[in-house]
Amino acid sequence: MAAQADDTIASVTLYRQWQPFRDGTYTCSGGRSAEGFDSTIVEVATRDGKRGYGETAPLGAFYDPAFAEGGRAAMRELAPQLLGLQASGIAAINRRMDLLLKGHPYAKAGIDMALWDLLGRRTGLPLAALTGGAEGATIPLYRSVAQEAPDAMARRAEKYVKEGYRRLQVKVGLDVNDDISRLTAVRAAIASDIVLFCDANASWGTAETRRFLMATRDLDYTLEQPCATYDENLAIRRACERPLVLDETIDSVDVLLRAMADGLVDGITIKLARVGGISKAKLIRDIAAARNLKITIEDTGGAELDTAAYSGLMLSTPEGLRQHTVDFHNWVTVSNGKAEFAIGDGVMAPPQRPGLGVEVDPKVFGEAAFRAG
């Protein structure tokens, strides 16, 4: 008689992986920069020998209220208290984590991701099937054009278009006059059918945003997260005659519900680490889809594991509402697993194997940073 499966959590292991950027220093608003992602890989193992993997990788310590060492400290606090729980009870474990640790969603995201990977491996289903069912086979990709001088950004935009990207995100958020020149240069350098998003990463005030909108009225682009606070973005909504997408602001269901009630957004960007993982991202995604908002799902950084997680969830998002996502695993020079991503002509197909679809060999990470169980 075959042994009965036992999905009780037996151990939680953390590994650290430094992931340098392939294109060098990444600079965003305010002159903030990073050289790579400091990633934490989470392995959740059950008593019957199954293993699932997740990843969380904040962009430096400046992008979100998150940083890598803080995430690992929080996970070391949580991990021992998850032993003995049923790994398939993902919602119950998320409630347990929220009870045990207030806030710190980025620390919970990697654990939640590993649980979804385990569920997929156990059921034989890929993440898209588990989270609603795939629509279509591919997802549009964008590439960020990091802040430089306007002519340098224009050249980088041309390079990305030659590589096949059809959607670009222009990073602004410094001096508004220079930012106007940046967007103007990029828009002039590429074909009119290339989709442009202009992302200030919450660095402008209302005055700068109004000036930018007036000066770029004749250009075709979508404005993303101009101001830091909810009220500032709401204040400039009437002045914004183009689509407005919020990213940093959308960190919970409560904020999304308020934004919909206020008629603030045309679209949202959901980052797994910011909201607490796949489970909470799916809830936010489903509410946004019910109101026909445009949706991007991605994360703050990572390699194959993270890309597989958000692209799998993106593939189960209604096809007509998908904006785009990003191939972060191609931004870095190291790998954390083997995965069959099909990328070409500006689109990506996520892995179709069970769970996240990534084959992980933990030996490549070296000694564990922490193990419970």
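Bear in mind these aren't lab numbers, they're just calculated from the coordinates by the rules spelled out. Every value quoted in this text rests on a predicted model; they were computed, and no experiment measured them. Positions of Cβ are backbone-derived with ideal geometry, glycine not excepted, and every protein chain shown enters the neighbour counts.
A few notes on this one:
- Between 134, 230, 305, the Cα set farthest toward the positive side of the dipole of segment 129-349 (charges on each charged residue's Cβ, about the Cα centre) is that of 134.
- Within the shell defined by Cβ-Cβ distances under 15 Å, the residues around residue 264 carry a net charge of -4, with Lys and Arg each +1 and Asp and Glu each -1.
- In summary, the aspartates and glutamates within cross-link reach of residue 338, defined as a Cα separation below 17 angstrom excluding same-chain residues under 8 places away, comprise 43, 55, 117, 304, 306, 327, 359, 361.
- Each of 362, 192, 373 was placed along the dipole of the chain (beta-carbon charges, centred on the mean Cα), and the one lying farthest toward the positive end is 373.
- Label point at residue 35 placed 7 Å out along Cα→Cβ; residues across segment 47-76 whose backbone nitrogen lies under 15 Å: 60-61
- Across segment 246-276, the residues whose backbone nitrogen lies under 12 Å from the label position 7 Å along the beta-carbon direction of residue 290 are 257.
- Each of 297, 93 has some number of other Cβ atoms within 10 Å of its Cβ, and from fewest to most they run 93, 297.
- Placed amide H near residue 8: partners under 5 Å, 5+ positions off or other chain: 47, 48, 87
- Projecting label points 7 angstrom from Cα along Cα→Cβ for residue 254 and residue 188 puts them 4.7 nm apart.
- P(r) of segment 129-349 over all Cα-Cα pairs, binned every 10 Å from zero, in whole percent: 8, 34, 37, 19, 2
- Computed on the Cα trace of the chain, the radius of gyration divided by the Kirkwood hydrodynamic radius gives Rg/Rh = 0.97.
- Only one residue of 65, 18, 351 has its Cα farthest out toward the positive end of the dipole of the chain, where Lys and Arg carry +1 and Asp and Glu -1 on Cβ, and that residue is 351.
- Computed from the C-beta positions of residue 364 and residue 85, the FRET efficiency with R₀ = 35 Å rounds to 0.80.
- Calculated FRET value between residue 238 and residue 333, using beta carbons and R₀ = 35 Å, to 0.05: 0.20
- Of 102/271; 271/294; 50/108; 159/271; 171/282, those spanning more than 23 Å from alpha-carbon to alpha-carbon: 159/271; 171/282
- For residue 348, distant residues with modelled amide H under 5 Å away: 139, 141
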